[in-house]
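Structure record follows, encoded as structure tokens.
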Amino acid sequence: MYFSIMDEKGFPRAMSLSMGELVTCSPQAKGSVTITLAFFELVPWIQSVMGIISFFLKLPMSSAWNSAFMLLQHILVLYFCILDCLYYCFTYNLTDGIRVLVLALMCLVDRLMYGSWILVPLNFLKFNFLSSGGDYYGTHKWHWYFTQGFPVMLFTFLPFSIAGMVLSKQWKPSGLIAWVLGLYSVLGHKEFRFVLPVLPMALMFSGYSIAAMKIADSSNSRRKGSSNSHVKCPSKVRLAIFFLLSTNIPMALYMSLFHQRGTEDVMNYLSKEASNNKVKSILFLMPCHATPYYSALHHDLPMRFLDCSPSEEKGTLDESDRFMMDPASFASEFAINWSLPSHIVMFDSEERSLREFLVSHSFKEIRRFFHAHLKVDRDLQASVVVYAFTGQ
């Protein structure tokens, strides 16, 4: 028999009465409590009523009822355990309690999804650090984060961040930034997103340098006897802010509204076409994960993109690599056993090699979307092209 307990502060706690013994999840809690009989006390009565109904209606009393009640019991047990964890968090040690709660929930969800007990962070460590599995997706030089990656992320904030680190003399956060960049530099595979957590810290140093600049200018103005120095923004600060705004706002607008937008535009277009029953299935002949997927399509249609899963054997090329090496040959081989799609999506850089193949299989270009002005990693992918099947 299970109970829901409220202590003197109003925090719910879970208790279990089994085999005549009262067992509490948090025995250290003190004070008066109010006990409310939970759903489990009613389970035998509900099962009896269901049995009577089944008897009069001549329905078989299968094990499905018992399975349903067992599932409900497990859910309520988990609910009461979570309540007890929250009680511990808010009453005794908030930080440690939250850590235990998050770790327990993470392990439980992974157990349900994978079918066995798995510690995902440990697998991440083994795959990326101990086995260099990330190198399968491409590598950069060891100094990339210091010479290219992080400077590009800071952009014109870079000199202000460096100045702030020197002026503030706060070496611990500065060392933390260097530590993170250095640690990720050990990995062969590098991406901007890996070091995003330390970007706000670098920007705080930028703010510190601008604030120090304002204080220095204000002090100089007072020495010169300026009476309105507190009203006008110091000239150096004004120039610095103007410089940052004039460089970052245009870049933010361009990167957000124009650069590499074709992959999103094409999915919006296909979603609208699918709403009109004009799309039956889609094949993406482009590097894997180049476009959004069902989260943007919003329709239950067959879709296929080229696989790029890591292989246990080093040197084995995946579908995406083989396609990029020779698009025409790969497409001809792929079409032998394919389920004919109604639409094919590709970049214009590969379209030139595939045009003859597409025409021979009765595909015709129907839309073209702008993608990018600049080359990134691969050949310039200026546009995204959609071909539709026109044959019978």
Mind telling me which of the residues Ser271, Ser281 ends up being surrounded by 12 or more Cβ atoms within 10 Å (Cβ to Cβ), modelled with pLDDT of 95 or more, assigned by the TED database to the domain that holds Ser383 and under 24 Å from the mean Cα position of the chain (by Cα)?
-> Ser271
Among (1) open to solvent by less than 60 Å² (accessible area, probe 1.4 Å); (2) among the hydrophobic types (A, V, I, L, M, F, W, C); (3) within 30 Å of Phe242 (Cβ to Cβ), Phe155 falls short only on (1)
For Ile282, indicate whether it is in contact (Cβ under 8 Å) with a residue 40 or more places away in the chain, within 21 Å of Leu270 (Cβ to Cβ) and out of contact with any Ser or Thr (no Cβ under 9 Å at 6 or more places or on another chain).
-> no
Unique match (being closer than 19 Å to Met267 by Cα and open to solvent by less than 100 Å² (accessible area, probe 1.4 Å)) among His361, His371 | His371
Could you say whether any residue in the stretch 187-194 is within 21 Å of Trp144 (Cβ to Cβ) and more than 21 Å from the chain's Cα centre (by Cα)?
-> yes
Reported set for the stretch 112-159 where residues are out of contact with any helix residue (DSSP H, G or I) (no Cβ under 7 Å at 6 or more places or on another chain), in contact (Cβ under 8 Å) with a residue 40 or more places away in the chain and among the aliphatic types (A, V, I, L, M) is Val152
Has the stretch 230-240 got any residue that is open to solvent by 50 Å² or more (accessible area, probe 1.4 Å), assigned by the TED database to the domain that holds Gln170, modelled with pLDDT of 90 or more and closer than 15 Å to Thr156 by Cβ?
-> yes
What are the residues in the stretch 363-392 that are without any contact (Cβ under 8 Å) to a residue 60 or more places away in the chain, in a loop (DSSP other than H, G, I, E, B) and of a type in the set (A, V, I, L, M, F, W, C), if any?
-> Leu380, Ala382
Is there a residue in the stretch 202-211 that is under 26 Å from the mean Cα position of the chain (by Cα) and open to solvent by 40 Å² or more (accessible area, probe 1.4 Å)?
-> yes
Within the stretch 331-341, residues touching a Phe, Trp or Tyr at 6+ places or on another chain (Cβ under 9 Å) and either surrounded by fewer than 19 Cβ atoms within 10 Å (Cβ to Cβ) or part of a helix (DSSP H, G or I) (or both) come out as Ala331, Ser332, Phe334, Ala335, Leu340
Considering residues that are under 19 Å from Arg367 (Cα atoms) and of a type in the set (S, T, N, Q), the number found within the stretch 276-323 is 4
Would you call Val109 in contact (Cβ under 8 Å) with a residue 12 or more places away in the chain, not in a loop (DSSP other than H, G, I, E, B) and not assigned by the TED database to the domain that holds Leu317?
-> no
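Mind listing just one residue for me: the one in the stretch 160-186 that is under 24 Å from the mean Cα position of the chain (by Cα) and touching a residue at least 40 places away in the same chain (Cβ under 8 Å) and, of those, most open to solvent (accessible area, probe 1.4 Å)?
Among those residues, the one meeting the criterion is Val186.
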Out of the residues in the stretch 298-323 that are crowded, with 19+ Cβ neighbours inside 10 Å and touching a helix residue (DSSP H, G or I) at 6+ places or on another chain (Cβ under 6 Å), state the one that is nearest to Ala382 (Cα to Cα).
-> Phe323
Considering only the stretch 237-328, give the helices (runs of 4 or more DSSP H) lying wholly within it that have at least 2 residues that are under 14 Å from Phe347 (Cα atoms).
-> 262-275, 319-325
Test: Leu105 is of a type in the set (A, V, I, L, M) and farther than 24 Å from Glu191 by Cβ = yes
Filter pass, Ser353 being touching a helix residue (DSSP H, G or I) at 6+ places or on another chain (Cβ under 7 Å), in a helix (DSSP H, G or I) and either at pLDDT 90 or above or open to solvent by 10 Å² or more (accessible area, probe 1.4 Å) (or both) | yes
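The values are calculated or read from the model by the stated rules, or taken from the named source; none is laboratory data. The structure presented is a predicted model; accordingly, all values stated were derived computationally and were not measured. So basically every Cβ, Gly included, is an ideal-geometry build from the backbone, and we count neighbours across all protein chains shown. Quick note on the areas: whole protein, heavy atoms, side chains included, nothing else; ligands and nucleic acids left out. Shrake-Rupley method; radii C 1.70, N 1.55, O 1.52, S 1.80 Å.
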